[in-house]
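Here is the structure we will look at.
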Amino acid sequence: MTPTAFAPRIEQNQHARSEPERAAILENPGFGNHFTDHMFLAEWTPDHGWHDARVVPYGPLSLDPATAVLHYAQEIFEGLKAYGHADGSVWLFRPDANGERLQRSAHRLALPELPLEWFLGSVRALIETDRAWVPRGEEKSLYLRPFMFASEAFLGVRPSQHVTYSVIASPAGAYFTGGIKPVSIWLSEQYSRAGAGGTGAAKCGGNYAASLLPQQEAAAEGCAQVAFLDAVEHRWVEELGGMNLYFVQADGSIVTPELSGSILEGVTRDSILRLAAELGHQVVERKVSIDEWREGAADGTITEVFACGTAAVVTPVGTLKWRGGEVTAGDGGLGKVTAEIRQALVDIQYGRAEDRFGWMTRVL
Ligand code: COI
């Protein structure tokens with residue numbers, strides 16, 4: 001079917017927050033707590049394809065209790081950020097990469113592909129409408145959350161014949177409270193995040209739901225995040241609950257677990273591969289065993305560990321804990337290479353460094 005041209009209708013929120021209310025939120029937004037005055041919505045049906053694109057006042061969705069997503073979790077999402085630059089302009093970081101990943105996730109979850117023009121158009125339309133909500137200042141951004149779900153009211157197990165796509169926006173500060181401080185990681189030895197042939201490479205809600213019990217276990221052990229191993233041998237490091245991992249070696253090279261089909265293809269992960277190489281590091285994607293992490297951190301072969309993702313940017317990993325032991329890479333603080341890579345990335349995102357890779361897209 002020829003995709004319908006993207007032409008959203010805009011319905012202004014008559015009860016938008018006042019300027020002082022918005023300013024108070026933007027002063028200290030935290031992560032995922034506050035939402036802007038509007039949201040984007042569109043619908044898909046087999047007969048009409050994608051249609052009814054609209055920006056409407058932010059508010060609750062009314063769902064029939066039989067709505068398929070509530071029962072069978074046919075849902076995918078994305079995360080990307082809009083950055084306010086010093087000259088007042090607003091930019092997105094690699095939005096095409098998020099749009100393409102949403103298409104791959106849609107394929108795996110038997111959801112309809114959203115044309116890239118619709119993805120980029122929806123994000124743009126929401127930012128334009130809620131432009132006053134783009135926070136200014138270091139570490140602050142407008143986090144965009146595009147998501148798509150099975151919205152047909154039907155209890156049979158088959159791909160939904162009505163799908164809803166939405167984008168909401170949330171002013172964001174640092175993902176972890178306490179700024180750029182190392183986070184501690186709990187090693188989940190009992191649970192895996194994803195298996196071969198499963199949905200690990202897709203950004204679907206189910207993967208995150210499955211990470212919550214081990215995440216709860218991590219919190220009970222005093223850790224901020226959980227690390228998952230592969231589901232077959234329980235030996236190979238995969239990723240954290242919502243972030244990819246990097247290991248800095250004593251020789252300055254950096255290693256990240258190779259994409260195995262069960263690891264999320266992180267946009268930040270991919271950007272760091274290229275950025276670190278430009279900074280002169282040898283960058284290697286390969287299998288990393290949990291013994292290599294434990295022994296390397298203990299004997300100094302691994303000098304730094306960091307996690308990365310859109311929300312967390314680049315976050316140093318301090319101590320790895322497991323039942324019966326723990327180990328810390330380096331001095332447990334923010335390492336030199338981690339800081340260098342983080343700075344190089346945010347300098348591009350906030351427009352303080354030249355966009356050598358053509359990653360930034362201007363919105364406003
Ligand atoms: C992101 O980094 O955008 C994520 O999706 C991680 C998490 C907030 C779910």
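Give the accessible surface of segment 183-349 per residue, rounded to a whole number of Å², with probe radius 1.4 Å and ligands, DNA and RNA excluded.
Details: 6160 Å² over 167 residues.
Per-residue accessible area for segment 183-349 comes out at 37 Å².
If you take every DSSP beta bridge fully contained in the chain, what fraction is antiparallel? Give it as a percent rounded to 5. Mind showing how you got there, number by number?
Numbers: 56 of 68 bridges.
Antiparallel bridges: around 80 percent, rounded to the nearest 5.
Can you pick out the pairs among K140/K321; K181/K203; K203/K336; K81/K203 whose Cα atoms lie more than 23 Å from each other? Could the numbers behind the result be given before it?
On the way: K140/K321 31 Å; K181/K203 27 Å; K203/K336 31 Å; K81/K203 16 Å.
Result: K140/K321; K181/K203; K203/K336 exceed 23 Å.
Give the relative contact order (percent, whole number) for the chain; include only Cα pairs under 8 Å separated by 6+ residues.
Details: 770 pairs, mean separation 65.0, N = 364.
Reported as a whole number, the value is 18 percent.
What is the sum of charges around T361, taking Lys and Arg as +1, Asp and Glu as -1, for the other residues whose C-beta is under 14 Å from the C-beta of T361?
Working: positive: K81, R94, R124, R362; negative: D96, E100, E117, E128, D355.
With Lys, Arg at +1 and Asp, Glu at -1, the net is -1.
Give me, ordered by chain and number, the residues 5 or more places off K81 or on other chains with an amide H under 5 Å from its own placed amide H.
It is F93, L144, by chain and number.
Output wanted: per-residue J couplings in Hz (rounded whole) for segment 231-238, from phi through Karplus 6.51 cos²θ - 1.76 cosθ + 1.60, θ = phi - 60°, x for Gly and Pro.
With the stated coefficients, segment 231-238 comes to 7, 8, 9, 6, 10, 9, 5, 9 Hz.
I'm a student and want to see the number: the projected area of the Cα convex hull of the chain, averaged over all directions, in nm².
Numbers: hull surface 74.6 nm².
Mean projected area for the chain: 18.6 nm², to one decimal.
For the chain, give the percent of accessible area contributed by carbon and sulfur heavy atoms, probe 1.4 Å, rounded to a whole number. Numbers along the way, then the final one.
Details: 8010 of 15440 Å².
Roughly 52 percent, rounded to a whole number.
With just the Cα atoms of segment 234-353, tell me how far they stretch along each of the three principal axes, in Å, largest first.
45, 32, 24
Normalised by the number of residues in segment 183-349, what is the relative contact order in percent for Cα pairs under 8 Å and 6+ residues apart?
Numbers: 325 pairs, mean separation 39.7, N = 167.
RCO, segment 183-349: 24 percent.
How large is the helix-only mean residue ellipticity at 222 nm for the chain, computed as the sum of -39500 (n - 2.57) over DSSP H runs with n ≥ 4, divided by its residue count, in deg cm²/dmol to the nearest 500? Numbers along the way, then the final one.
On the way: 9 runs with 92 residues, N = 364.
For the chain, the value works out to -7500 deg cm²/dmol.
Just subtract the alpha-carbon distance of R323 and I10 from 0.36 nm times their residue separation and send over the number in nm, one decimal.
Values: separation 313, 0.36 × 313 = 112.68 nm, distance 5.36 nm.
Fully extending the segment from R323 to I10 adds 107.3 nm.
Over segment 9-172, give the accessible area per residue in Å² for a 1.4 Å probe, as an integer. Spell out each step's value before the answer.
Values: 7110 Å² over 164 residues.
Value returned for segment 9-172: 43 Å² of accessible area per residue.
Most fluctuating residue of F93, F247, F176 in a GNM of the chain with Cα springs under 10 Å: which is it?
It is F176.
Name the long-range amide H neighbours of Q225: under 5 Å, sequence gap of 5 or more, or other chain; modelled H, no Pro or chain starts.
So Q225 has HN proximity to S184, W186.
Provide the gained length on full extension for the span R286 to M1, in nm with one decimal, where the gain is 0.36 nm per separating residue minus the Cα-Cα distance.
Working: separation 285, 0.36 × 285 = 102.60 nm, distance 4.09 nm.
Answer, rounded to one decimal: 98.5 nm.
The values are calculated or read from the model by the stated rules, or taken from the named source; none is laboratory data. No experiment lies behind these values; they were computed from the predicted model shown. Cβ coordinates were reconstructed from backbone atoms using ideal geometry, including for glycine residues, and neighbour counts include every protein chain displayed. Side chains included, ligands, DNA and RNA excluded: accessible areas come from the protein's heavy atoms. Shrake-Rupley method; radii C 1.70, N 1.55, O 1.52, S 1.80 Å.
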